[in-house]
Amino acid sequence: MTSFASRPILSPLHLRLAVVGAGAAGLVAARELRREGHGVVVFERGNSVGGTWVYTPAVESDPLGLDPARNIVHSSLYHSLRTNLPRESMGFLDYPFVPRGGGDARRFPGHEEVLRYLENFAEEFGLLELIRFGTEVERVEREVDGKRWIVKSGEMGNNGDKKREVYDGVVVCNGHFTEPRIAEISGIEAWPGKQMHSHNYREPEPFLDQVVIIIGSSASAVDISRDVAQFAKEVHIASRSTTGTIPSKVPSYENMWFHSRIERAEAGGSVVFCDGSLVYADVIMHCTGYKYHFPFLETNGVLTVDDNCVGPLYKHVFLPQLAPFLSFIGIPWKVIPFPLLELQSKWVAGILSGRIELPSEEEMIKDVKADYDKVEMKGWPKRYTHNVSDFQFEYDDWLAEQCGLPPVEDWRKEMYVATSENRAAKPETYRNEWDDDHLVELAYNFFEKLV
């Protein structure tokens, strides 16, 4: 397959920009910024590209991930993880995620294949030369005059000299799958069992003959519960979204049950659910998501994170008061991530070049408030502010329009819906059985035109 790289865009402004992180967001941001003619330096604390897609068997010293002094592991991958979206819909818009020689050719591949795709992307677009590996960003703050940004960084494991550099702008792409959110459980302090977060789950064998409670109903909870059930004595899934008669057996499993949320834990080792059932458990695993975390970023109170609402962010990207020279890529969740990351990056790059205009600060603040009002009217908690699942394609198409691009392809949108419906109907087999081959054909016809 030939390169999909395009010529740099001639733009009136050529800035020196720092990108924090070399995961999928950081890579596509770096590509789009350089396409606009900007100078780009990418800071990556790891030794390779890929971010959350880099698997490691290592886990943190605190299995709950709450101790600030713990040895932090940035990967949250479990060994058995396969994508829950088909590869055709996952890829960047101009760089299809198609099988390449020697890899995992499955339609829903394992995490190794996604990492290989990102590595190929970085190599094909010449991004490796922009990245400082093994370098941690320790502080980002504005100069005294407020015109530019100071970035302080240092080599991982080196407490010696720190580098202080000045950039015209900073694009934050540090991901949000490292700082765990933990469910609040009454009486948990006296409960004698083991607690952990899914961030520190890797393989199921350590749970042999144990009784395990999984809290959550997200993709990780679904996958991990099935993984653990192969070895555990019992698996009990606690979720506030569980409906129907509870507790109830999970279809196709003799040792797994659905429950309502946990009411309390007791010193004797039991865990009581709101449905009235009681289980003596060895392990409680929190599959309860993550917190947005920017420990390096100093904005003098302009940026806030309140119950996982990062704000105030115009269109989930810009702080109105600091726009456009501080931006965030990859904040929205419950989306097809790579196309969204690409469109956000194109938008940011064009704005920094002066080709695309932002509204006034007052207009952006008004728009943010309108978004907050919508969340409140729906009765959602603040932590759902960046859940754009109900309108992700409307958001993608808005970004595309700002960039002068056509809307996201219809087949990609239809494939997402078809996959969601198939996953709900066949949660155990949707990765291997599907009914949207006509959309797959449309996708590959589209890919052929990109070559």
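Here Glu342 passes the criteria (1) of a type in the set (D, E, K, R); (2) modelled with pLDDT under 95; (3) surrounded by 14 or more Cβ atoms within 10 Å (Cβ to Cβ) except the one numbered (2). If you go through the stretch 402-438 and keep only what is closer than 19 Å to Pro337 by Cβ, among the hydrophobic types (A, V, I, L, M, F, W, C) and touching a residue at least 12 places away in the same chain (Cβ under 8 Å), you end up with Cys403, Leu405, Val408, Trp411, Met415, Ala418.
Condition first: surrounded by fewer than 16 Cβ atoms within 10 Å (Cβ to Cβ) and either within 18 Å of the chain's Cα centre (by Cα) or not assigned by TED's automatic domain parsing to the domain that holds Val114 (or both). Now tell me which residues in the stretch 67-79 satisfy that. Walk me through it before giving the result.
Within the stretch 67-79, the subset surrounded by fewer than 16 Cβ atoms within 10 Å (Cβ to Cβ) is 67-72, 79.
Answer for the stretch 67-79, where residues must be surrounded by fewer than 16 Cβ atoms within 10 Å (Cβ to Cβ) and either within 18 Å of the chain's Cα centre (by Cα) or not assigned by TED's automatic domain parsing to the domain that holds Val114 (or both): Ile72, His79.
Of the helices (runs of 4 or more DSSP H) lying entirely inside the stretch 328-434, those containing at least 1 residues that are outside the structural domain of Arg107 (by TED's automatic domain parsing), of a type in the set (Lys, Arg) and in contact with a Lys or Arg (Cβ under 9 Å, 6 or more places away or on another chain) span 410-425. Taking residues in the stretch 256-269 that are on the phi > 0 side of the Ramachandran plot, and partners anywhere that are not hydrophobic (A, V, I, L, M, F, W, C), the pairs with Cβ atoms closer than 6 Å and at least 6 places apart or on different chains are Gly269/Pro192; Gly269/Tyr280. Just one residue in the set Pro192, Pro204 is of a type outside the set (A, V, I, L, M) and more than 27 Å from the chain's Cα centre (by Cα); that residue is Pro192. Among residues that are closer than 24 Å to Phe97 by Cβ, out of contact with any His (no Cβ under 6 Å at 6 or more places or on another chain), modelled with pLDDT of 95 or more and not aliphatic (A, V, I, L, M), Tyr430 is included.
When the stretch 376-390 is limited to residues that are under 21 Å from Thr304 (Cβ atoms) and either in contact (Cβ under 8 Å) with a residue 40 or more places away in the chain or among the polar types (S, T, N, Q) (or both), the one that is surrounded by the fewest Cβ atoms within 10 Å (Cβ to Cβ) turns out to be Pro381. What tally of residues in the stretch 270-291 results from selecting those that are aromatic (Phe, Trp, Tyr), in contact (Cβ under 8 Å) with a residue 60 or more places away in the chain and either within 18 Å of Gly216 (Cβ to Cβ) or touching a Phe, Trp or Tyr at 6+ places or on another chain (Cβ under 6 Å) (or both)? Number satisfying all stated conditions: 1. Among the residues examined, Trp149 qualifies as at pLDDT 95 or above and either of a type in the set (Ser, Thr, Tyr) or in the same structural domain as Pro332 (by TED's automatic domain parsing) (or both).
Could you list all residues from the stretch 29-50 that are farther than 20 Å from Gly154 by Cα and touching a Phe, Trp or Tyr at 6+ places or on another chain (Cβ under 6 Å)? Residue satisfying the conditions is Arg31 alone. When Ser248, Ser252, Ser239 are screened for being at pLDDT below 95, assigned by TED's automatic domain parsing to the domain that holds Leu278 and closer than 26 Å to Ala190 by Cβ, only Ser239 passes.
Within the stretch 40-48, is even one residue in contact with a strand residue (DSSP E or B) (Cβ under 8 Å, 6 or more places away or on another chain), in contact (Cβ under 8 Å) with a residue 24 or more places away in the chain and of a type in the set (Asp, Glu)? Working first, answer last.
First pass over the stretch 40-48, keeping only residues in contact with a strand residue (DSSP E or B) (Cβ under 8 Å, 6 or more places away or on another chain): 40-48.
If we keep only those that are in contact (Cβ under 8 Å) with a residue 24 or more places away in the chain too, we end up with 40-48.
Among the residues that remain, those that are also of a type in the set (Asp, Glu) are: 44.
Looking for residues that are in contact with a strand residue (DSSP E or B) (Cβ under 8 Å, 6 or more places away or on another chain), in contact (Cβ under 8 Å) with a residue 24 or more places away in the chain and of a type in the set (Asp, Glu), one finds at least one in the stretch 40-48, hence yes.
For Glu88, the criteria (1) crowded, with 18+ Cβ neighbours inside 10 Å; (2) part of a loop (DSSP other than H, G, I, E, B); (3) of a type outside the set (Phe, Trp, Tyr); (4) in contact with a Pro (Cβ under 8 Å, 6 or more places away or on another chain) hold in every case but one, which is (2).
Identify, from the list Glu189, Glu263, Glu184, the residue that is of a type outside the set (A, V, I, L, M) and either within 28 Å of His79 (Cα to Cα) or in the same structural domain as Ser61 (by TED's automatic domain parsing) (or both). Let's see the steps before the verdict.
Values: Glu189 fails: either within 28 Å of His79 (Cα to Cα) or in the same structural domain as Ser61 (by TED's automatic domain parsing) (or both); Glu263 fails: either within 28 Å of His79 (Cα to Cα) or in the same structural domain as Ser61 (by TED's automatic domain parsing) (or both).
Being of a type outside the set (A, V, I, L, M) and either within 28 Å of His79 (Cα to Cα) or in the same structural domain as Ser61 (by TED's automatic domain parsing) (or both) holds for just one of Glu189, Glu263, Glu184, which is Glu184.
Looking at Arg107, Arg31, just one residue is touching a residue at least 24 places away in the same chain (Cβ under 8 Å), part of a loop (DSSP other than H, G, I, E, B) and not aliphatic (A, V, I, L, M), and that residue is Arg107.
The values are calculated or read from the model by the stated rules, or taken from the named source; none is laboratory data. Computed from a predicted structure; not experimentally measured. Quick reminder, even Gly has a Cβ in these numbers, built from the backbone with ideal geometry, and neighbours come from all protein chains shown.
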